[in-house]
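Peer 1: Sharing a structure below in structure tokens format, with a few things to ask.
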Amino acid sequence: MKPMREAPPGGCVLTANDGEGTVTAAGDSVTDAGDTVTDVGDWSPVLSRSVMLRHDRVRGTDLLVMPERVVVLRGSAGAVLRLCDGEHAVGAIVAELAECFPGAPVATEVPEFLGRLREEGWIR
């Protein structure tokens, strides 16, 4: 197993860590899979078939549960993924989150975060 790498300081809004690398929406993110981000365009993201979004009440955090892997979601990542139902386009997700988190850079961070999760195969 690769050593866990943490996202750099600087107030990342969206972070997912699976113990093998950190996927984050910050411009200076750390990831073990390279730094290319798929263009998210106007698609309606949905969790992949083998991925479930769960809330861990003991830890007070959201998780992505997959076969033989658990990804800990930090910040607002759970709120973003709850909107990934296959019906909301990326633009609609950004608009809804902009209302919930005024002043947050959701217009840039959310599409980048979703693109990285798409590259990981956690959403489609």
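Peer 1: What number goes with the only condition from (1) surrounded by fewer than 17 Cβ atoms within 10 Å (Cβ to Cβ); (2) assigned to a loop (DSSP other than H, G, I, E, B) that residue 96 does not pass?
Peer 2: (2)
Peer 1: Condition first: assigned to a loop (DSSP other than H, G, I, E, B) and over 14 Å from residue 52 (Cα atoms). Now tell me which residues in the range 99-124 satisfy that. Break it down into steps so the answer makes sense when it comes.
Peer 2: Step one: list which residues in the range 99-124 are assigned to a loop (DSSP other than H, G, I, E, B), which gives 101-105, 121-122, 124.
Those that are assigned to a loop (DSSP other than H, G, I, E, B) and over 14 Å from residue 52 (Cα atoms): 101, 102, 103, 104, 105.
Peer 1: Considering only residues of the range 46-75 that are in contact (Cβ under 8 Å) with a residue 24 or more places away in the chain and part of a loop (DSSP other than H, G, I, E, B), which is nearest to residue 123 (Cα to Cα)? Lay out the reasoning, then the answer.
Peer 2: So in the range 46-75, the residues in contact (Cβ under 8 Å) with a residue 24 or more places away in the chain come out as 46-48, 51, 53, 64, 66, 69-75.
Remaining after also requiring part of a loop (DSSP other than H, G, I, E, B): 48, 51.
Working: 48: 5, 51: 8 Å.
Here the residue is 48.
Peer 1: Any residue that is in contact (Cβ under 8 Å) with a residue 60 or more places away in the chain and in contact with a Cys (Cβ under 8 Å, 6 or more places away or on another chain) - is there at least one of those in the range 76-83? First the steps, then the outcome.
Peer 2: Within the range 76-83, the first condition is being in contact (Cβ under 8 Å) with a residue 60 or more places away in the chain, and the residues that meet it are 76-77, 80.
From the residues that got through so far, the ones that are in contact with a Cys (Cβ under 8 Å, 6 or more places away or on another chain) too are none.
Taking every residue of the range 76-83 in turn, none turns out to be in contact (Cβ under 8 Å) with a residue 60 or more places away in the chain and in contact with a Cys (Cβ under 8 Å, 6 or more places away or on another chain).
Peer 1: Here's something else I'd like to know. Which one of the conditions (1) touching a strand residue (DSSP E or B) at 6+ places or on another chain (Cβ under 8 Å); (2) basic (Lys, Arg); (3) surrounded by fewer than 18 Cβ atoms within 10 Å (Cβ to Cβ) does residue 116 fail to meet, given that it meets all the rest?
Peer 2: Every condition holds for residue 116 apart from (3).
Peer 1: Continuing with this model, one more query. Determine the pairs where a residue that is over 27 Å from residue 66 (Cβ atoms), located within the range 99-124, has a partner that is charged (D, E, K, R) with Cβ atoms under 8 Å apart, the partner being 6 or more residues away or on another chain.
Peer 2: If the second residue must be charged (D, E, K, R), no pairs are left.
Peer 1: Does the range 29-45 contain at least one residue that is in a loop (DSSP other than H, G, I, E, B), modelled with pLDDT of 95 or more and touching a Lys or Arg at 6+ places or on another chain (Cβ under 9 Å)?
Peer 2: Yes, some residue in the range 29-45 is in a loop (DSSP other than H, G, I, E, B), modelled with pLDDT of 95 or more and touching a Lys or Arg at 6+ places or on another chain (Cβ under 9 Å).
The values are calculated or read from the model by the stated rules, or taken from the named source; none is laboratory data. Everything numeric in this text was worked out from a predicted model, so none of it was measured. We place every Cβ from the backbone using ideal geometry, glycine too, and count neighbours over all the protein chains shown.
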